[in-house]
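Novice: Sharing a structure below in structure tokens format, with a few things to ask.
The values are calculated or read from the model by the stated rules, or taken from the named source; none is laboratory data. Remember, it's a predicted structure, so these values are computed and weren't measured experimentally. FYI the Cβ positions are ideal-geometry reconstructions off the backbone, even for glycines, and counts take in every protein chain you see.
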Ligand code: SF4
Ligand code: SF4
């Protein structure tokens, strides 16, 4: 028997749920949602569970992750119950429930924790630089650039990067395991043949790389001349730039953080420009969308949506400035901006990747993987 949490409706408001109690169960949202099938009702089932506070069923559900927030349900709702925004807030809620440390819950529900953690992690970087930085030199390289590696040797930074990557992976993977326990292992009636874990795995890679689920939710947006494919392309551009930057600073730092100044067409510069371009376009596009509030999915912003965009903006702009200060031979500007860059980058990665906004890039493809596993297991059961 499922447990009832009488305070659930109040709690979910902290994660951004607005007005879903106004729902009178008319079913319009289910009729317009392109994900709905005879067996699966989107998003009405989640609305009912949320109003009734049936937490266990919400925590073991994949539905919030399968929704890509096209907003059709919210636009069609006669009661302005914002079912699309409820699905978004359930994703935040689930992120906090998968996280065994409890930090995701605190970051989503308390501004003091959110900003306190950012400032604390930034202060850690500042203190490390105060005690361990190398000499600042005004002597330029033969190409006229700044000697950044004298001040911040890449080998030293790389050690920090690997420690950070280890922590990020540990938290994210353990939270994904928790997700697995809640969704797959908690279902006693479900037996998944072992080989399916491998045969369905390729779809996980495809969905992570393409974010293809977006394409299922485009009818109404297209009718209203909001170009949904633009959203998908910008999202993909942002996601690929973010991932590329993470790989370059963790795996290829010695190649990326060099004192040499290469020609503009060198792969090191081209990859850096791609990542900078993708991040800049993504930040501008999503910030404008959130300011304008024209699209359903951008009408309601949780504080963590803005924190992510601001941290990403500061990281990108400081990274661009470090690049130009370095190649135009401005030593002190380069050194101070580099410290500031890491003071923003470190909290952004530590908070966003395992505990907040970025984690949905991992949870969503994993959820699609679990969904495919469950469907394949049901089919193989029918055959036997
Ligand atoms: S359309 Fe609105 S009122 Fe009708 S079931 Fe959906 S959320 Fe409830
Ligand atoms: S936002 Fe789109 S995909 Fe999500 S529940 Fe509503 S109609 Fe369905």
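Novice: Please verify whether segment 61-69 includes one or more residues that are within 12 Å of ligand 1 (Cβ to nearest atom), modelled with pLDDT under 95 and either surrounded by 20 or more Cβ atoms within 10 Å (Cβ to Cβ) or in the same structural domain as residue 294 (by TED's automatic domain parsing) (or both).
Specialist: First pass over segment 61-69, keeping only residues within 12 Å of ligand 1 (Cβ to nearest atom): none.
Among the residues of segment 61-69, not one is within 12 Å of ligand 1 (Cβ to nearest atom), modelled with pLDDT under 95 and either surrounded by 20 or more Cβ atoms within 10 Å (Cβ to Cβ) or in the same structural domain as residue 294 (by TED's automatic domain parsing) (or both), which makes the answer no.
Novice: Does residue 45 satisfy being in contact (Cβ under 8 Å) with a residue 12 or more places away in the chain and within 11 Å of ligand 2 (Cβ to nearest atom)?
Specialist: Values: in contact (Cβ under 8 Å) with a residue 12 or more places away in the chain: yes; within 11 Å of ligand 2 (Cβ to nearest atom): yes.
In short, yes.
Novice: Any idea how many residues of segment 34-51 are closer than 15 Å to residue 69 by Cα and surrounded by fewer than 18 Cβ atoms within 10 Å (Cβ to Cβ)?
Specialist: Going through segment 34-51 one residue at a time, the tally reaches 1.
Novice: Output yes when any residue across segment 119-140 is closer than 17 Å to residue 360 by Cα and free of Cβ contacts under 8 Å to residues at least 60 places away in the same chain, and no when none is.
Specialist: Initially, segment 119-140 is screened for residues closer than 17 Å to residue 360 by Cα, giving none.
Among the residues of segment 119-140, not one is closer than 17 Å to residue 360 by Cα and free of Cβ contacts under 8 Å to residues at least 60 places away in the same chain, which makes the answer no.
Novice: What residue, of 6, 31, is away from ligand 2 (no atom under 15 Å from the Cβ) and surrounded by fewer than 16 Cβ atoms within 10 Å (Cβ to Cβ)? Reasoning before the result, please.
Specialist: Values: 31 fails: away from ligand 2 (no atom under 15 Å from the Cβ).
Checking each option against the conditions leaves just 6.
Novice: Do we find that residue 116 is outside any loop (DSSP other than H, G, I, E, B) and within 16 Å of ligand 1 (Cβ to nearest atom) in this structure? So that I can check it myself, show each step before the final result.
Specialist: On the way: outside any loop (DSSP other than H, G, I, E, B): yes; within 16 Å of ligand 1 (Cβ to nearest atom): no.
No; evaluated as a whole, the condition is false for this residue.
Novice: Hey, another quick one. Do you know which of the residues in segment 85-114 that are closer than 12 Å to residue 304 by Cα and touching a residue at least 12 places away in the same chain (Cβ under 8 Å) is surrounded by the fewest Cβ atoms within 10 Å (Cβ to Cβ)?
Specialist: If we take residues in segment 85-114 being closer than 12 Å to residue 304 by Cα and touching a residue at least 12 places away in the same chain (Cβ under 8 Å), then 111 is surrounded by the fewest Cβ atoms within 10 Å (Cβ to Cβ).
Novice: Next up: Can residue 75 be described as assigned to a helix (DSSP H, G or I), modelled with pLDDT under 95 and either within 16 Å of ligand 1 (Cβ to nearest atom) or touching a helix residue (DSSP H, G or I) at 6+ places or on another chain (Cβ under 8 Å) (or both)? Show your work before the answer.
Specialist: Working: assigned to a helix (DSSP H, G or I): yes; modelled with pLDDT under 95: yes; either within 16 Å of ligand 1 (Cβ to nearest atom) or touching a helix residue (DSSP H, G or I) at 6+ places or on another chain (Cβ under 8 Å) (or both): yes.
When the stated conditions are applied, residue 75 passes them.
Novice: Among the residues of segment 75-84, how many are near ligand 2 (Cβ under 9 Å from one of its atoms) and surrounded by fewer than 24 Cβ atoms within 10 Å (Cβ to Cβ)? Spell out how you get there, then give the answer.
Specialist: Going residue by residue through segment 75-84, those that are near ligand 2 (Cβ under 9 Å from one of its atoms) are 75-76, 83-84.
After this cut, where a residue has to be surrounded by fewer than 24 Cβ atoms within 10 Å (Cβ to Cβ) as well, the list is 75-76.
Here the count works out to 2.
Novice: Tell me, please, whether a residue that is closer than 25 Å to residue 247 by Cα, assigned by TED's automatic domain parsing to the domain that holds residue 301, crowded, with 17+ Cβ neighbours inside 10 Å and within 28 Å of the chain's Cα centre (by Cα) can be found in segment 131-149.
Specialist: No, segment 131-149 contains no residue that is closer than 25 Å to residue 247 by Cα, assigned by TED's automatic domain parsing to the domain that holds residue 301, crowded, with 17+ Cβ neighbours inside 10 Å and within 28 Å of the chain's Cα centre (by Cα).
Novice: Would you kindly identify the helices (runs of 4 or more DSSP H) lying entirely within segment 288-384 that contain at least 1 residues that are surrounded by 18 or more Cβ atoms within 10 Å (Cβ to Cβ) and at pLDDT 95 or above? Can you show your working first?
Specialist: Values: elements: 296-299, 303-327, 331-355, 360-383.
By residue number, 303-327, 331-355.
Novice: On to the next question. If you take the residues of segment 216-230 that are over 17 Å from residue 73 (Cβ atoms) and touching a helix residue (DSSP H, G or I) at 6+ places or on another chain (Cβ under 9 Å), which of them is modelled with the highest pLDDT?
Specialist: If we filter segment 216-230 for residues that are over 17 Å from residue 73 (Cβ atoms), which is where we start, we get 225, 227, 229-230.
Now narrow it down to the ones that are touching a helix residue (DSSP H, G or I) at 6+ places or on another chain (Cβ under 9 Å): 227, 229-230.
Working: 227: 56, 229: 74, 230: 80.
Looking at residues that are over 17 Å from residue 73 (Cβ atoms) and touching a helix residue (DSSP H, G or I) at 6+ places or on another chain (Cβ under 9 Å), I get 230.
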